[in-house]
């Protein structure tokens, strides 16, 4: 079920924080509920994906230790639990907010499509992963009934592409000659090609967030120009992650990096706290 991967679903809280509704208890409860339901469905998707990739995962130095490829968990049991989690999550979400259930359903369809076909297409494979993060942000906005910020969507797309291409780079290097055996699409990537795309999305991610903080829409919405002072935290976070990717051979598991690298953890906390103080301080 990859409980540690639930940190990705924290993107659902983005709309709550940047809508100015963080301290509205009803919206807070709805977002927490949405986070739990999205996490259950995503765990169901992870189980399903691991069933599809069980033979390829056996060849991976890290993924081969997972319950399914290692033989500790039977595919039949995994499939049953996957179906239960997905059906339960979508059903309850429909009672909570029908449109949120629609987002979960689209997320499910996209990931099933990814498991069988989309992951074989170069570039499109990473863009599909990025779409999953965007769905989390949109779902977070829908569940509390606020419009989705175009700036928020743009920043999410670029940040998730940055993480996705960094992950592909790590896989390509760690698997070396066996890269295309485990993941055929890696045959179409190279470290240089990935570094070019990482460079593009790195620059555009930082610039998009910086422009968001100084846009007239943002200043009018929050009644302050001070959000720009959170840009240094975004810069450091990006630079630190690049350091881990290039110097420490990290990037294969963004979630693990985010919860195990002390400088990144401190930086993330400081960014969240500073953003909340600036947005809600008045």
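The values are calculated or read from the model by the stated rules, or taken from the named source; none is laboratory data. Just so we're clear, the structure is a prediction, and the values are computed from it rather than from any experiment. Methodologically, a virtual Cβ is constructed for each residue, glycine included, from the backbone with ideal geometry; neighbour enumeration extends over all protein chains shown.
Table for the structure above
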item	result
Hits in the stretch 182-199 (condition: assigned to a helix (DSSP H, G or I) and in contact with a helix residue (DSSP H, G or I) (Cβ under 9 Å, 6 or more places away or on another chain))	182, 184, 185, 186, 187, 188, 191, 194, 195, 197, 198
Complete set of residues in the stretch 19-38 that are surrounded by 21 or more Cβ atoms within 10 Å (Cβ to Cβ) and under 20 Å from residue 281 (Cβ atoms)	19
Selected residue (criterion: surrounded by the fewest Cβ atoms within 10 Å (Cβ to Cβ)) from residues of the stretch 205-240 that are more than 17 Å from residue 149 (Cβ to Cβ) and in contact (Cβ under 8 Å) with a residue 40 or more places away in the chain	229
Subset of the stretch 58-97 (residues that are part of a loop (DSSP other than H, G, I, E, B) and more than 14 Å from residue 47 (Cβ to Cβ))	58, 59, 60, 61, 62, 71, 97
Exclusive hit being crowded, with 16+ Cβ neighbours inside 10 Å and modelled with pLDDT of 95 or more, set 78, 101	101
For residue 223: the one exception among (1) on the phi < 0 side of the Ramachandran plot; (2) modelled with pLDDT under 95	(1)
Residue ID - modelled with the highest pLDDT, chosen from residues in the stretch 241-265 that are in a loop (DSSP other than H, G, I, E, B) and buried (at least 17 other Cβ atoms within 10 Å of the Cβ)	261
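For every residue, the table says whether it meets (1) free of Cβ contacts under 8 Å to residues at least 40 places away in the same chain; (2) more than 21 Å from residue 118 (Cα to Cα); (3) surrounded by 15 or more Cβ atoms within 10 Å (Cβ to Cβ).
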{"position": "17", "(1), (2), (3)": "no, yes, yes"}
{"position": "40", "(1), (2), (3)": "no, yes, yes"}
{"position": "46", "(1), (2), (3)": "no, no, yes"}
{"position": "83", "(1), (2), (3)": "yes, yes, no"}
